[in-house]
Amino acid sequence: MEGPAPVTTVKELGPAALYRKYDPDDFRFESTAELEDLDGTVGQPRAVAAVEFAAGIARDGYNIFALGIPGTGKRSLVRHYLEKHAAKRPPPPDLCYVHNFEKASEPKLISLPTGAGVEFRNDMEMLAEALRTALISAFESEEFQTRSQVIDEEFKERPREELRDIEERAKTEGLVLLRSPVGMAFAPTRDGEVMSGEEFKALPEEEQQEIEQRVEAFQEETQQAMRQMPSWEKEHRSRVQELEREVSSLAVGNLLDEIRRKYHMLPEVLDHLAAMQQDVSGRAREVVEPEGSSPAAALGMETTTTVDKRGPLTRYHVNLIVDNSGATGAPVVYEDNPTYDNLLGRIEHTAQFGALTTDFSHVKTGALHRANGGYLMVEAHKLLRAPYAWDALKRALQSGELSVESIGQSLNMVNTVSLEPESLQLEVQVVLMGEPSLYYMLCNLDPDFEELFKVASDFAELMDATEDNRDGYVRLLATLARKDGLRPLDRTAVARLLEHSTRLAGDREKLTARVGLLHDLLREADYWADSAKARLVTAEHVQQAIDAQIYRADRIRERVHESIESGTVMIDVAGTQVGQINGLSVISMGKFAFGRPTRLTARVRIGYGDLVDIEREVELGGPIHSKGVLILAGYLGAHYAPDRPLSLSASLVFEQSYSGVEGDSASAAELFALLSAISGVPIKQCIGVTGSVNQHGEIQAIGGVNEKIEGFFDVCRAKGGLSGQQGVIIPASNIRHLMLRQDVVDAVSTGMFHVFPIETVDEGIELLTGMATAARDDSGQYPEGSINRLVESHLIDLAERRKSFTAEERPDTARRGIGD
């Protein structure tokens, strides 16, 4: 008896449902040259609101994390809105380090009015040179020479006078002072002549002893006078230095007074000049003498860590680390390489005579110095890859201070003497940019993160294809082309780009926000327009660019389709088979993805409710795929013979699949193959299937629908050409995602290929088998001749046959069943 006829209401999709076309005549311009630049961005209202809020509130902890997938324009958008806010704020002061005359290892930080840094640095360099000239002139002046000579003569005469007095007194007592290369000695005289040794010995013993006592007394007095020589030398040097300080102070006073008058409103500068004047007065001779004239320097024996390799005048120079001259607002700094040193600054060293030396002039600026008073933009993944950079940035933001120190110093790993520059009071707003996964990872793993980055600027991957967004999108394309110096686009090119954007979005009602991909396509389309000597970029050039991108990336797709066409990979696109179906999958190769049909088979025998996913058994199936297979068991158990135990043992496998399988988009195809295997009803091999199924038998949306349809279409065309019977089954909820290639749309319009949207398992199995599913009748039975009746009857038969087996006879083998 014939069964009921199929009652499916599925209607195949027409060409209009397969592609959203933009009509060039809808645009009110001939080319994008007529359009104004887009000020800002389009389709990111949530992200823009977050950035404007954070930039406006300017409070501690309200730093920004801009999260979104690459290509959504995070950097350009954030920078654009930060620069708008920065333009309304005053530019920050210039920053410089100067020598600390009290402790050279701790350079002082001086803040100067915006733009004054360069002038102050130049003034101090000119002052240093003028100081040398002024001191040389002062020391060569007649007054200085005369006063210096008087001091020299005074201290030369003092030992002479002392010895002259001793000598005169010795004469009165019959002694004379004798000078020789080895020293001075006293000798007795007679009649004005020095006694010989024989004459002295001829004297009476008492007289000899008396003379020796006098000689010894005068010898002691002479030695005591000679012992005063170092103190006289010290006093001499002190008097000379005092004279030099007096003269140098007068000589440089006028020069420093000029600088003081110029910077009289800056106490830090005045304090530095006062300390400098005192230092110059104490080091005047060192400044005047030629470089390297000291014995230690000549021998290379300088030992301090602050050796001035460029001469004594360098200590009076200025190390300008931040120059904001010419700035009209707060800085917006993007640091492309956010290492520890590049963020916080560093202290460089100079190799000199086998030792590393440094001073205040070797302090180098970091991105936080340059961004102080404004904004710092950093790529989050680059920051986290740089050793210790993340912790250093957090420490600076938490403390509000920026200290320049090496990694070794910050970790207490270096004990050698080095510089400790004065800290900067930090006022900066940091913007990190990264993918959403990185943002959520930091939220979960770093307890400080959410306190420091309170504002999340979430960049959408898609935008609604509203008229306003479309107009903004077109202006964005025009702006990108203009900024890159590309040819304008005519209306056909704009329409084709919008269509491609919708295809990339994977939704007919959306446009992709990954403008970076469109930007690349603009450049490539301009190349093809240039090759054709065209004045404008047209739809033809855009299509050439799209085709060229695919051609460069689709070598693997060609090899896969060749293996199917040659029969190496077995795919049937005609005829019918029991328990066999063409499932549709997607292979992603970087930015390129393509569809590939895969033969999926099911085998059934009596068992204990085992539904074996072979992919999972051999650990080729991912958890989502395994979940989809287990859902099938729930559907079978509830939909057929619910009052009997499920008594089958079924196996499902992707034939000739040698790599991992993930996702549940094949679960509908697996269920159809399983129903065919249970009922014995063959399935049409000319129809490919994709879709996810739930336990209620509803078909759910999947991803990559366009690539899957096109992949099956290409295989059908390659294996003997299109017959007019081939097509695909897709979830009805995926209709809005269709943006198929033009050749597929053309084949559908001529009836050579078909796209069937389904909502339930029953609709799909009817299309695949040509048999009705039918609902249960009043007695609770499926009608005779329906596929549901065949499935349930076979399951009941398996359950009855299972009764003949006792528990002891159940195979004692490891297996996975429902609920495993």
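The values are calculated or read from the model by the stated rules, or taken from the named source; none is laboratory data. Source: prediction; values computed, not measured. FYI the Cβ positions are ideal-geometry reconstructions off the backbone, even for glycines, and counts take in every protein chain you see. What goes into the accessible areas is simple: the full protein's heavy atoms, side chains included, and nothing from ligands, DNA or RNA. Shrake-Rupley method; radii C 1.70, N 1.55, O 1.52, S 1.80 Å.
One residue is enough: does the range 523-543 have a residue meeting the conditions part of a helix (DSSP H, G or I), in contact with a Phe, Trp or Tyr (Cβ under 7 Å, 6 or more places away or on another chain) and closer than 23 Å to residue 25 by Cα?
So in the range 523-543, the residues part of a helix (DSSP H, G or I) come out as 523-531, 539-543.
Subsequent filtering for residues that are in contact with a Phe, Trp or Tyr (Cβ under 7 Å, 6 or more places away or on another chain) retains 541.
Among the residues that remain, those that are also closer than 23 Å to residue 25 by Cα are: 541.
Looking through the range 523-543, at least one residue is part of a helix (DSSP H, G or I), in contact with a Phe, Trp or Tyr (Cβ under 7 Å, 6 or more places away or on another chain) and closer than 23 Å to residue 25 by Cα.
Out of all the residues in the range 478-492, is one or more surrounded by fewer than 15 Cβ atoms within 10 Å (Cβ to Cβ) and not in a helix (DSSP H, G or I)? For the range 478-492, residues surrounded by fewer than 15 Cβ atoms within 10 Å (Cβ to Cβ) and not in a helix (DSSP H, G or I): present. Of all residues in the range 688-711, those satisfying the criterion of being touching a helix residue (DSSP H, G or I) at 6+ places or on another chain (Cβ under 6 Å), surrounded by 20 or more Cβ atoms within 10 Å (Cβ to Cβ) and of a type in the set (A, V, I, L, M, F, W, C) are 689, 693, 699, 705. Determine whether residue 66 is within 26 Å of residue 705 (Cβ to Cβ) and at pLDDT 90 or above. Against the criterion (within 26 Å of residue 705 (Cβ to Cβ) and at pLDDT 90 or above), residue 66 does not qualify.
Just a yes or no: is a residue in the range 86-104 modelled with pLDDT under 90, open to solvent by 10 Å² or more (accessible area, probe 1.4 Å), polar (S, T, N, Q) and on the phi < 0 side of the Ramachandran plot? No, the conditions are met nowhere in the range 86-104. Could you list, in sequence order, all residues of the range 493-518 that are charged (D, E, K, R) and assigned to a helix (DSSP H, G or I)? If the condition is that a residue be charged (D, E, K, R) and assigned to a helix (DSSP H, G or I), then 496, 499, 503 are the ones that fit. Looking across the range 731-754, the residues that are out of contact with any helix residue (DSSP H, G or I) (no Cβ under 6 Å at 6 or more places or on another chain) and either under 27 Å from residue 577 (Cβ atoms) or open to solvent by less than 10 Å² (accessible area, probe 1.4 Å) (or both) come down to 731, 732, 747, 751, 752, 754. For the criterion of being assigned to a strand (DSSP E or B) and in contact with a helix residue (DSSP H, G or I) (Cβ under 8 Å, 6 or more places away or on another chain), residue 681 fails.
The single residue among 110, 151, 166 that is modelled with pLDDT of 75 or more and either within 26 Å of residue 218 (Cα to Cα) or among the hydrophobic types (A, V, I, L, M, F, W, C) (or both) turns out to be 110. If you go through the range 537-575 and keep only what is under 44 Å from the mean Cα position of the chain (by Cα) and of a type in the set (Ser, Thr, Tyr), you end up with 538, 551, 563.
Is there a residue in the range 549-572 that is polar (S, T, N, Q), touching a residue at least 24 places away in the same chain (Cβ under 8 Å) and either under 25 Å from residue 483 (Cα atoms) or out of contact with any strand residue (DSSP E or B) (no Cβ under 6 Å at 6 or more places or on another chain) (or both)? The answer is yes; a qualifying residue exists. Take the residues in the range 768-787 that are in contact with a Lys or Arg (Cβ under 8 Å, 6 or more places away or on another chain) and not in a loop (DSSP other than H, G, I, E, B); name whichever of them is surrounded by the most Cβ atoms within 10 Å (Cβ to Cβ). Applying the filter and picking the extreme gives 768.
Does residue 619 fit the bill of being at pLDDT 75 or above and surrounded by fewer than 16 Cβ atoms within 10 Å (Cβ to Cβ)?
Working: at pLDDT 75 or above: no; surrounded by fewer than 16 Cβ atoms within 10 Å (Cβ to Cβ): yes.
Criteria not met by residue 619.
For the range 450-464, the condition holds for no residue, the condition being that it is in a helix (DSSP H, G or I), of a type outside the set (Lys, Arg) and over 24 Å from the mean Cα position of the chain (by Cα).
Could you say which residue among 425, 429 is open to solvent by 70 Å² or more (accessible area, probe 1.4 Å), within 20 Å of residue 89 (Cβ to Cβ) and of a type in the set (S, T, N, Q)? None of the other options fit; the residue is 425. Given the conditions (1) open to solvent by less than 70 Å² (accessible area, probe 1.4 Å); (2) in contact with an Asp or Glu (Cβ under 7 Å, 6 or more places away or on another chain); (3) over 30 Å from residue 57 (Cβ atoms), and given that residue 474 satisfies all but one, which numbered condition is not satisfied? Going through the list (1) open to solvent by less than 70 Å² (accessible area, probe 1.4 Å); (2) in contact with an Asp or Glu (Cβ under 7 Å, 6 or more places away or on another chain); (3) over 30 Å from residue 57 (Cβ atoms), residue 474 breaks only (2). Considering only residues in the range 496-520 that are in contact (Cβ under 8 Å) with a residue 60 or more places away in the chain and farther than 18 Å from residue 738 by Cβ, the one that is most open to solvent (accessible area, probe 1.4 Å) turns out to be 514. The number of residues in the range 332-357 that are crowded, with 21+ Cβ neighbours inside 10 Å, modelled with pLDDT under 95 and assigned to a loop (DSSP other than H, G, I, E, B) comes to 1. I'd like to know if the range 367-379 contains one or more residues that are in a loop (DSSP other than H, G, I, E, B), free of Cβ contacts under 8 Å to residues at least 40 places away in the same chain, buried (at least 21 other Cβ atoms within 10 Å of the Cβ) and not charged (D, E, K, R). Checked the range 367-379: no residue is in a loop (DSSP other than H, G, I, E, B), free of Cβ contacts under 8 Å to residues at least 40 places away in the same chain, buried (at least 21 other Cβ atoms within 10 Å of the Cβ) and not charged (D, E, K, R).
For the range 56-85, enumerate the residues that are of a type in the set (A, V, I, L, M, F, W, C) and surrounded by 17 or more Cβ atoms within 10 Å (Cβ to Cβ).
Filtering the range 56-85 for residues of a type in the set (A, V, I, L, M, F, W, C) gives 57-58, 64-67, 69, 77-78, 82.
Residues satisfying the conditions are 64, 65, 66, 67, 77, 78, 82.
None of 206, 157 is at pLDDT 70 or above, in a helix (DSSP H, G or I), of a type outside the set (Lys, Arg) and open to solvent by 30 Å² or more (accessible area, probe 1.4 Å) except 206.
The combined condition, being open to solvent by 50 Å² or more (accessible area, probe 1.4 Å), in a loop (DSSP other than H, G, I, E, B) and either at pLDDT below 90 or more than 30 Å from residue 786 (Cβ to Cβ) (or both), is fulfilled by residue 39.
Being assigned to a helix (DSSP H, G or I), open to solvent by less than 60 Å² (accessible area, probe 1.4 Å), of a type outside the set (S, T, N, Q) and closer than 24 Å to residue 96 by Cβ is a description that applies to residue 393.
For the range 605-614, indicate whether the set of residues that are modelled with pLDDT under 90, hydroxyl-bearing (Ser, Thr, Tyr), assigned to a loop (DSSP other than H, G, I, E, B) and more than 20 Å from residue 791 (Cα to Cα) is non-empty. Full working, then the answer.
Just the residues of the range 605-614 that are modelled with pLDDT under 90, to begin with: 605-614.
Then drop every residue that is not hydroxyl-bearing (Ser, Thr, Tyr), which leaves 608.
Add one more test, that the residue is assigned to a loop (DSSP other than H, G, I, E, B), and what stays is 608.
Cutting the leftovers down to more than 20 Å from residue 791 (Cα to Cα) gives us none.
No, there is no match, as no residue in the range 605-614 is modelled with pLDDT under 90, hydroxyl-bearing (Ser, Thr, Tyr), assigned to a loop (DSSP other than H, G, I, E, B) and more than 20 Å from residue 791 (Cα to Cα).
Screening residue 188 against (1) modelled with pLDDT of 70 or more; (2) loosely packed, with under 15 Cβ neighbours inside 10 Å; (3) of a type outside the set (D, E, K, R) leaves a single unmet condition, (2).
Answer yes or no as to whether residue 6 is farther than 30 Å from residue 517 by Cβ, at pLDDT below 90 and open to solvent by less than 80 Å² (accessible area, probe 1.4 Å). Step through it out loud before you land on a result.
On the way: farther than 30 Å from residue 517 by Cβ: yes; at pLDDT below 90: yes; open to solvent by less than 80 Å² (accessible area, probe 1.4 Å): yes.
The answer is yes for residue 6.
May I ask you to say which residue of 703, 688 is part of a loop (DSSP other than H, G, I, E, B) and at pLDDT 85 or above?
703 is the lone residue from the list that is part of a loop (DSSP other than H, G, I, E, B) and at pLDDT 85 or above.
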